[in-house]
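**Q** Okay, here's the structure, questions in a sec.
What follows draws every value from the coordinates through simple rules; no lab data is involved. Nothing here was measured: the structure is a model prediction, and the numbers come from that model. Cβ atoms come from the backbone with ideal geometry, glycine included; neighbour counts cover every protein chain shown.
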Amino acid sequence: MSNMFQHAIVRQPSKNLAKGITTASLGKVDYKIAMKQHEAYVYALQNCGLEVRVLDPLEDFPDAVFIEDVCLCTPHCAIITRPGAKSRRGETDSFANILSDYYKNLHSITAAGTVEAGDIMMVGNHYYIGLSNRTNQIGAQQIIQILEQYGMKGTIVTIGEVLHLKTAVSYLENNCLLLAESMYHNEAFQSFQKIAVNIQESYAANAVWVNGQVLFPSNHCITLNTLKAEGYNPIEIDISEFQKLDGGMSCLSLRF
Ligand code: GLY
């Protein structure tokens with residue numbers, strides 16, 4: 001059975017957004033366009049039936065708009081992470097206060113563990129945790145120990161040269177994954193049905209299934225048509241300004 005989501009938390013872009021970490025060479029970030037794109041993203045989540053809480057920007061943390069990285073929200077508990085990027089570590093300050101409106105069971109990753117939850121993909125009660133430059137073995141083990149306290153499971157996945165696990169793979173429910181070429185043959189995912197992302201459209205491997213719809217980055221027509229042919233209902237959203245900062249569709253929200 002699919003996980004149904006009720007809530008989302010997003011954080012508005014900071015005026016310093018353009019100072020965020022990036023490896024992309026896609027040009028300068030336009031704050032005004034980013035704000036409009038963020039509003040459209042919130043609207044799409046609302047249209048999927050979610051109650052969306054919009055947090056104020058954190059001007060000292062330009063990457064804080066990528067809120068997915070600072071918390072793993074499960075049906076039983078929430079785990080505040082400890083970002084591997086040192087410039088992002090302060091994004092978790094005060095986050096427990098926000099989460100306490102939704103969760104009784106709150107946990108935190110502690111040193112020397114590092115985790116960014118863009119590296120964690122939920123598949124029912126099983127969580128796949130990618131080891132990356134941002135998420136280390138100690139952090140991944142802490143996540144697994146916490147999940148097991150609530151009857152959930154975790155598996156560590158070795159990933160290649162991508163920012164986060166979910167940069168290259170998304171779970172679309174029904175035992176089906178959307179995968180970039182670099183992740184397609186990963187041993188961890190051999191038991192799934194797989195939809196391949198066109199090699200020229202690898203950015204589209206980060207899509208978000210929400211309550212029967214799929215939030216999908218615009219301008220990736222080949223993969224869009226593949227999804228439609230597979231019976232999905234992709235909703236295109238332009239997030240070009242966030243792509244310039246290595247951010248994908250899932251990075252912009254927590255969904256639970
Ligand atoms: N700019 C997003 C990140 O590097 O975490």
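**Q** So how many Å³ per residue does the convex hull of the Cα atoms of the range 1-64 work out to?
**A** 113
**Q** Using the Karplus curve 6.51 cos²θ - 1.76 cosθ + 1.60 with θ = phi - 60°, what ³J(HN,Hα) values do you get for each residue of the range 46-58, in whole Hz, with x for Gly and Pro?
**A** Along the range 46-58, the couplings run 4, 5, 8, x, 8, 8, 10, 9, 9, 7, 5, x, 10 Hz.
**Q** If you place +1 on the Cβ of every Lys and Arg, -1 on the Cβ of every Asp and Glu, and leave all else neutral, what size is the dipole of the chain about its Cα centre, to the nearest 20 Debye?
**A** The dipole of the chain has a size of about 200 debye.
**Q** Also, I was wondering about something else. Going by amide H atoms built from the backbone, whose H comes under 5 Å of the H on L55, apart from near neighbours?
**A** V10, R11, Q12
**Q** What per residue convex hull volume, in Å³, do the alpha-carbon atoms of the range 10-121 yield?
**A** Given the Cα convex hull of the range 10-121, per-residue volume reads 122 Å³.
**Q** Further question on the same structure: From the gyration tensor of the Cα coordinates in the chain, what semi-axes in whole Å does the equivalent ellipsoid have, largest first, with each one equal to sqrt(5λ)?
**A** Square roots of five times the eigenvalues give 24, 22, 18 Å.
**Q** D246: net charge of surrounding residues, Cβ under 14 Å, Lys/Arg +1, Asp/Glu -1, itself excluded?
**A** -2
**Q** Could you count how many Lys pairs in the chain have their Cα atoms under 13 Å apart, skipping same-chain pairs fewer than 8 positions apart?
**A** 4
**Q** Once all Cα-Cα distances of the range 88-199 are split into 5 Å bins that start at 0, what whole-number percent is in each one?
**A** 2, 11, 20, 22, 20, 13, 8, 4, 0
**Q** Right, something else. Diagonalise the Cα gyration tensor of the range 145-256 and give the resulting equivalent ellipsoid semi-axes, square root of 5 times each eigenvalue, largest first, whole Å.
**A** Output for the range 145-256: semi-axes of 22, 16, 16 Å.
**Q** Let me ask you something else. Work out Dmax and Rg for the range 155-215 from the C-alpha atoms and quote the Rg first, both in angstrom.
**A** 10.9, 31
**Q** Please report the antiparallel percentage of the DSSP beta bridges confined to the range 128-256, to the nearest 5.
**A** For the range 128-256, the DSSP antiparallel bridge percentage is about 35.
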